[in-house]
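Heads up: the structure comes next, in structure tokens.
Computed from the coordinates by the stated procedures, all read-outs in this text should not be read as laboratory data. Not measured: the values here are computed from a predicted model. For neighbour counting, all protein chains shown are included, and Cβ atoms are generated from backbone atoms with ideal geometry for every residue, glycine included.
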Amino acid sequence: MNDSINVTEGGHRLRAIVRVLLSSGVWAVIGMQLGLTLLWHYALSDNRDPASSSLLLLAIVLAGFLYLTAGVSGALADRREVVGLRDALRAGALYYAKFLWLIAKLVLLTGALLNVMIYLTGTSEDPSRGTAAPMFGILPLVQGILSFVFVYWLPIVFTRGDFALFKTLRAALVMAWHRASNAGFLAFLTVTPAAVSFAVDDSIPLAAVLAINLVGGAMEWVAYAYCVGCLQDRPEG
């Protein structure tokens, strides 16, 4: 009994790794993520007006990145095979609008929570001291922890085709609780990139930043593919 469970768990992990490594759609998303990092770096170092062509290009690439992300996420959830770029583009047309609205709701919720945190931690001191700055310094690590806690969220959204924010967040917590015994693999995939980003110095070379984003992006997609595989095999958790 235990052997079969171990093989099944290992099979989920191996299948997720293989699907990501062989999916050109996934690597297209990671490539656009690296492009966004480069554009953001040069936009911040640009002394021109903020409404410059570089920022316009950044907005266009971001829209394409979100489109491909929605497409790859949907294609991975709709099938068990690898996902090519054409598959991702086709699926993006189905999921893009719903995905954007979901992200918009999440951004509004996150913004409200951050405002509450800033109010609670920053107003008791002199604002000129920048007491809220240390909180923003740990945001990458907080993001990694939240990515682990809600790791089943987007897999549930796309596997079930349910884009209700609070309903799917709750379902993700329930699923994570039911599969807590197998959480080590997902913790490694989601928290490690955030911990590395938090630990490195801001002055590291841009090439190192890109390398961290490349590996981290691949690890995050493996986590997504793993969760999708678990949901496909046990849709009710």
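Remarks
- Ranked packing of 195-204, 68-77, most packed first, by mean Cβ within 10 Å: 68-77, 195-204
- Label reach from LEU22 (point 7 Å along Cα→C-beta): in region 83-110, amide nitrogens under 18 Å belong to 83-88.
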